[in-house]
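I have placed the structure first, in the form of structure tokens, so that the comments after it can refer back to it.
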Amino acid sequence: MKFGNWLVTANNIEWYGDPFGRFVIPFEELIRTRNESEHVYYDWILLATAEDWLTQNDLFDLNYAFVYAAAKREAAFNYDVFDATLEVQFEQFDEEDNEDVELE
């Protein structure tokens, strides 16, 4: 299944956009989390968000691919963790947008 430039394969989620960028999320690590400031987040979503070459639209597509892949693999997906992760992601988008405005 394809979501924008992301392809959900039998084993992972893979980036198929710009050939200079490479990002692969193996299914066995899909729902890996990180703990920060007493909160739990999905690590791969935040790792992708930190990549400068991925656009906001690319990341939105990844979010859909992530949920689809978790459902397809019947992973122990947690919507509260996902919502908290997206809050961090959107905060980073806002910070980047503010930086862009300041540069103009």
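All of the numbers you see were taken from the coordinates with simple rules; none came from a lab. On a predicted model such as this, the values are computed, not experimentally measured, just so you know. Using ideal geometry, Cβ is built from the backbone for each residue, glycine included, and neighbour counts are taken over all protein chains shown.
Side notes on the structure shown:
- Unique residue being more than 20 Å from residue 68 (Cα to Cα) and either touching a strand residue (DSSP E or B) at 6+ places or on another chain (Cβ under 9 Å) or surrounded by 15 or more Cβ atoms within 10 Å (Cβ to Cβ) (or both) when the list is 21, 17: 21
- Options 76, 84: the member that is in contact (Cβ under 8 Å) with a residue 12 or more places away in the chain, hydrophobic (A, V, I, L, M, F, W, C) and surrounded by 14 or more Cβ atoms within 10 Å (Cβ to Cβ): 84
- Any hit, the range 43-50, residues being of a type in the set (Val, Ile, Thr), in contact (Cβ under 8 Å) with a residue 24 or more places away in the chain and surrounded by 16 or more Cβ atoms within 10 Å (Cβ to Cβ): yes
- Members of the range 1-45 found to be farther than 17 Å from residue 61 by Cβ, part of a loop (DSSP other than H, G, I, E, B), more than 13 Å from the chain's Cα centre (by Cα) and not small (Gly, Ala, Ser), listed by number: 11, 19, 20, 38
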